[in-house]
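Have a look at the structure below before the remarks.
The values are calculated or read from the model by the stated rules, or taken from the named source; none is laboratory data. No experiment lies behind these values; they were computed from the predicted model shown. Neighbour counts run over all protein chains shown; Cβ positions are idealised from the backbone, glycine included. Note: areas computed on protein heavy atoms with side chains; ligands, DNA, RNA excluded. Shrake-Rupley method; radii C 1.70, N 1.55, O 1.52, S 1.80 Å.
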Amino acid sequence: MTQPRTALISVSDKTGIVDFARALHQSGLRLLSTGGTARLLADAGLPVTEVAEVTGFPEMLDGRVKTLHPRIHGGLLARRDLPEHMEALARHGIDSIDLLVVNLYPFAQATARPGCTLDEAIENIDIGGPAMLRAAAKNWAHVAVLIDPADYAPVLAELRAGVVTRATRFRLALKVFAHTAAYDGMITNYLTALAAGAEEHAETVPAREPFPAVLSLQLAKTQDMRYGENPHQTAAFYREVMPATPAAAAGLLSGWTQHQGKALSFNNIADADAAWECVKSFVADAPACVVVKHANPCGVAVGATLAEAYAKAWKTDPTSAYGGIVAFNRPVDAATAEAMQASKQFVEVLIAPGYSPEARSFFAGKANLRLLEVPLPESGGPATNAFDYKRVGGGLLVQSHDAKNVGAAELRVVTRLAPTPAQLADLLFVWKVAKFVKSNAIVYGAGGMTLGVGAGQMSRVDSARIASVKAANAGLSLAGSAVASDAYFPFRDGLDVVVDNGAACVIQPGGSLRDDEVIAAADARGVAMVFTGTRHFRH
C-alpha cells in the first residue's frame, strides 16, 4: 500500500471523528463524506467533498442511495497491483479510495427501545455501509478500513510514520467481516422473532416470540485454555459479542477484572460462573458467601457481615471447600480477608464486586489465588429474556434462564402443621440454594447456612442420605433443620429419610401422583411441609 491519498468517511457514531478527520487532512488526505458526517466536518472548518459530487448523482430516496455507485465501489475494489484495474479507473475517471471510515446504522439501539416500530427497525437496516465495508475489507491489501473509533489513534500513528502496515490492514479487515456478520445476524434474530402478521401493522410496535426462528450467535475468543475439562482435551473461552436478545444476562461473563493469579482454566470459569450465579441471587437479602466445588454449592450462608457469612459457608463442608471457588455478593473488606486467612482454606478463585485496599494486600501474597472483580447487577438475577445454552451433539438446546424465585406469599402449606416464621425463613433460604445444586438436589439448612448438600444423584433418596453424611462429617447437627428438594418426592421414602435425619420442615414443588401419600407421611411424622409449585431441575 502506498501513502493514502483519499479517505471516505461516513459514520453513524460520530465519536472522535472530527479530530480524526482533521488529522487525516493534516496528513495530506483528501476527505470525501456523506450527509450528516459531511456537514459535521464542514462545520468544523475542514475541506470536505460530498460523495454526490464524485458520483454525479444526488443522495436520493431519503438517503437510501448515496454510495452505491461504481465511482465509489470502483475506487474501493480496484487492485493497485493490477495494471488493467488501474487503467479501468483512469478510463472512467475514477479516483482510488485508500482509507474508509464507516460505522453502521444503530439497529441494536433502535430495536432495544420499547417503542420501536417495525417501520423504524427496517429503516435502521444499513445497506450502503456494509457494502462499502465488505468491498474495502476484501481489498485489504490496498485499502485500510475502520469501523471502530478505538482504531483511529493507532492507524493515525502508522500514517504519520509513513503508511498503514499490511498487518494492521489485515487485522482491520478481519474486524470488518466479523462485524458485518454480527450485524446481519442481529437483524435476523429480530426479524425472525416477530409474531405472525407483524408486517400488516408495520407502523406499530411488533409483538415478538421469545425464540427467533433462526438464531444467529457470534462469539469472540477471549482466551485459549491450557486444557479443557481434562488435560487431554483442548479448549478456548468464547464470549458472546452480539447478544441474541436485546437484554443479555448480567453475569460473570459480562466482564470481570482479574487482579492477580494465573490465567483462568476451563474448569475455573465453569465453576466461577456457577458460584457467581448463586451468590448474586442473594443480593437483595444480606451479605452472602457461596463456596462451589465442581459446579455445585458445597457451602452457602448469609450473615450480618461478610466475614460471618464466609465462616458459616466454609463450616458446611470444609473438606469439599478445599480448592474451591468462593464468591461474595458484597465488596470484600479486611475482616473477611482475615477470616479467610484464619480458615487456611486453599481457594482457586475468589469473586466479589470489589475489594478494600486492606483486603487486596491480604491476598497479594497468595500468588496462585485468582482474584476476580465482577460488576453486580441491581436485580441480582439474569434478564428474563436472556438465553441459556446447552450443547448437544449437532446443535444447541436453548432456553430462558431459570429466573423464578418463589416468595413466601406463593407457598402453599399442605400439612396440618404450619412452619414458624423462623422455619419459613430457613425454607426460603434452602429453596434458593437448591436451585443451583445439580439434580437430584437435597439441601438441609438452618439459621441462614447450609448444613448438608446432596447433589447429582440418580436417586433422590441417595441425595438425602449423602447430604446427611456430609453434615455428620462436618460435625453439624440436622436436628430441627429445614430441607429443600428441587423436585417432588415421588414416594414417601425420601421424606422419611430427611425426617429421620432431623428435618423439622420441608419445601418441595409438589405435583407427584403420590402427593397425598407424602403429605400424610409428613403429618404422621409431625413436620411442616410447603409446596412451591415450581421445579428447579439443573442438569
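Taking a straight line from the alpha carbon of K175, these lysines sit under 22 Å away, with near neighbours fewer than eight places off in the same chain left out: K14, K138, K221.
Rank these residues by their accessible area, most exposed first, probe 1.4 Å: I351, I519.
Details: I351 0, I519 30 Å².
Ranking I351, I519 by accessible area, largest first, yields I519, I351.
Accessible area of K14 (1.4 Å probe, protein heavy atoms only, ligands and nucleic acids ignored): about 80 Å².
Legend: translational diffusion of the range 329-477 by Stokes-Einstein, Rh = Kirkwood radius over C-alpha pairs, 10 °C, 1.306 mPa s; D = 84 µm²/s.
Report, for the chain, the % of DSSP beta bridges that are antiparallel, rounded to 5. Taking every DSSP beta bridge within the chain, about 55 percent pair in antiparallel fashion.
Sequentially through the range 77-85, phi angles give Karplus couplings (6.51, -1.76, 1.60; θ = phi - 60°) of 8, 5, 7, 6, 8, 10, x, 5, 5 Hz, Gly and Pro residues having no value and appearing as x. Cα centroid separation, the range 502-539 to the range 97-170: 58 Å.
Pairs exceeding a 19 Å alpha-carbon distance, out of K315/K366; K262/K435; K280/K390; K315/K470: K315/K366; K262/K435; K280/K390. What percent antiparallel are the DSSP beta bridges of the range 339-468, to the nearest 5? Antiparallel bridges make up about 75 percent of those DSSP assigns within the range 339-468. With the convex hull drawn around the C-alpha atoms of the range 15-101, the volume per residue stands at 105 Å³.
Looking at the range 463-539, which trypsin sites (Lys or Arg not before Pro) are in a loop (DSSP not H, G, I, E or B) and have at most 16 other Cβ atoms within 10 Å? Don't skip to the end; give the middle numbers.
Working: sites: R465, K470, R492, R514, R525, R535, R538; in loops: R514, R535, R538.
Here the sparse-neighbourhood loop sites are R514.
Taking the alpha carbon gyration tensor of the range 426-539, what are the square roots of 5 times its eigenvalues, largest first, to the nearest whole Å? Mind showing how you got there, number by number?
Values: eigenvalues 67, 49, 33 Å².
For the range 426-539, the semi-axes come out at 18, 16, 13 Å.
Across the range 1-155, the mean sequence separation of Cα contacts (distance under 8 Å, 6 or more residues apart), normalised by length, yields a relative contact order of 27 percent.
Counting heavy atoms of the protein chains only and a 1.4 Å probe, report the per residue accessible area for the chain as a whole number of Å².
Numbers: 24460 Å² over 539 residues.
Solvent-accessible surface per residue comes out at 45 Å².
Hey, any idea what % of the chain's accessible area is carbon plus sulfur with a 1.4 Å probe? Numbers along the way, then the final one.
Numbers: 13410 of 24460 Å².
Ligands and nucleic acids excluded, carbon and sulfur reach 55 percent.
Based on the Cα coordinates of the range 481-539, what is the per residue volume of their convex hull in Å³? Before the final figure, lay out each step's value.
Numbers: hull volume 4.5 nm³, N = 59.
Roughly 77 Å³ of hull volume per residue.
Mean sequence separation of contacting Cα pairs (under 8 Å, at least six apart), scaled by the length of the chain, corresponds to a relative contact order of 9 percent.
Largest first, the residues E53, E203, E373 sort by 1.4 Å accessible area into E53, E203, E373.
Cross-link partners of K293 among aspartates and glutamates, defined as those whose alpha carbon lies under 18 angstrom from its own and excluding same-chain residues fewer than eight positions apart: E229, D271, D273, E277, D317, E348. Ranked from largest to smallest solvent-accessible area, with a 1.4 Å probe on the protein heavy atoms, K344, K435 come out as K344, K435. Per-residue SASA remark: L369, around 10 Å² accessible (1.4 Å probe; ligands, DNA and RNA not included).
For the chain, what does the helix formula give at 222 nm: sum of -39500 (n - 2.57) over DSSP H segments with n ≥ 4, over the residue count, nearest 500 deg cm²/dmol?
On the way: 19 runs with 195 residues, N = 539.
Dividing the helical sum by the residues of the chain leaves -10500 deg cm²/dmol.
In the assembled protein chains, F491 presents an accessible area of approximately 90 Å² (probe radius 1.4 Å).
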